[in-house]
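The values are calculated or read from the model by the stated rules, or taken from the named source; none is laboratory data. Computed from a predicted model, the values in this text were never measured in an experiment. Ideal geometry is used to build each Cβ from the backbone, glycine not excepted, and the neighbour counts take in all protein chains shown. Protein only, heavy atoms only, side chains kept; ligands, DNA and RNA dropped before computing areas. Shrake-Rupley method; radii C 1.70, N 1.55, O 1.52, S 1.80 Å.
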Amino acid sequence: MPTFQHAVVTGGAGFLGSHLCERLLDAGSQVTCLDNFLTGVPDNVAHLRSRQGFRLIKADVTEFIHVPGAVDLVLHFASPASPADYLRLPIETMKVGSIGTLHALGLAKEKGARFVLASTSEAYGDPQVHPQPEDYWGHVNPVGPRGVYDEAKRFAEALTMAYRTAHHQDAAIVRIFNTYGPRMRADDGRAIPTFINQALRGQPVTVAGDGSQTRSVCFVDDTIRGVLAVAASDLSGPVNIGSPDEMTVLELANSIIAAAGSASTIEFVPRPTDDPMVRRPDTTLVTRELGWAPAVDLAQGLAITIQAFRDASGNNAEGRA
Ligand code: NAD
């Protein structure tokens, strides 16, 4: 990967952002992490504070962004991302996807830096095309409860394209599919941390609907490698990053119970409104252009994540992993 001199990561104290900061420092970049700790925490980057070239700044990117000196990469990852978070924070979610994206693009333009937008598979909504290729326009309900997240990201994509055409801004869009790994919040409401938390406590694992809806889950190290490969390329995207290994949510729950060595049972609970029925990326583009494919299989990824949750619940009463 070509080394960036100085990368700015918005949302850098979140789950994906903290892994991005770490990989960039490993690759020799200076990293400025901007975060207002809305859904992330300084603890996620505490282990990076003593590393040379790392700077953590508490900042709300919907207010303004100022970073002194030269910058050659802006990764815009700030946004509530779990359904529980964006349903609780609908206005903040729409502001960071719109005004926050405007400010992050403005920073990239001012510095002459490459810009990468963290978009999402939710841009496809409850898809009617399966698997989802990048040229599928999606099936989103703008006035449903999830519209605040899906439409904020779709607006952010459109704004990124407008900067490309109107300002010739070097910019890329990555559509990230469900990613899991250490430093997810045990209580963030997403399926994998919820299932792990329940399995480790021996509580019933709560599967929405009859569990036949599908997901394709990717381990965080693979997702970060994909995002940084797009950052280092001249692709503009959108580029899907995610695992093509699709499974039902019930299969996922049973895999987690087995991997945790738990005696938990399954409890079926109502499905949330507009919950997508199927989800699987078509990764032809990223594999053809960048040779990217996930390398960590589900068993390995779950073992690492479950161990991280165990370690965190030993150290922290809130169970942050
Ligand atoms: P996260 O909630 O752990 O991280 C988001 C970070 O953004 C948090 O640290 C939060 O405090 C920060 N933030 C929110 N609003 C902000 C603001 N106004 N100013 C500054 N910081 C702000 O979520 P995550 O899972 O790490 O997701 C990161 C990004 O990746 C999001 O943009 C999300 O939409 C995208 N994404 C994630 C996934 C996934 O599976 N994790 C999938 C698709 C897309």
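Assorted remarks:
- Shown in residue order for segment 253-258 are the 3J(HN,Hα) couplings computed by the Karplus curve 6.51 cos²θ - 1.76 cosθ + 1.60 at θ = phi - 60°: 4, 5, 5, 5, 4, 5 Hz (x for Gly and Pro).
- Most mobile listed residue (Ala59, Ala156, Ala258) in the chain, GNM with C-alpha springs under 10 Å: Ala258
- Gyration tensor verdict on the chain (Cα atoms; rounded if a/c is under 1.5, prolate if a/b is larger than b/c, oblate otherwise): prolate
- Heavy-atom accessible area for Arg146, with the other protein chains in place and a 1.4 Å probe, reaches approximately 20 Å².
- Heavy atoms of Lys58: accessible area, 1.4 Å probe, square angstrom to 10: 150
- The amide H of Phe54, built 1.01 Å from its N in the peptide plane, has Val31 as neighbours under 5 Å, considering only residues 5 or more places off or on other chains.
- Within the chain, helix-based [θ] at 222 nm, where runs of 4 or more DSSP H residues each add -39,500 (n - 2.57), nearest 500: -12000 deg cm²/dmol
- The phi torsions of segment 56-70, fed into the Karplus equation with coefficients 6.51, -1.76 and 1.60 and a -60° offset, translate into couplings of 10, 10, 6, 7, 9, 6, 7, 7, 6, 10, 10, 10, x, x, 6 Hz, rounded to whole numbers, with Gly and Pro shown as x.
- Label-to-label distance, nm, for residues given as Ala46 and Arg88 (7 Å Cα→Cβ offset): 2.0
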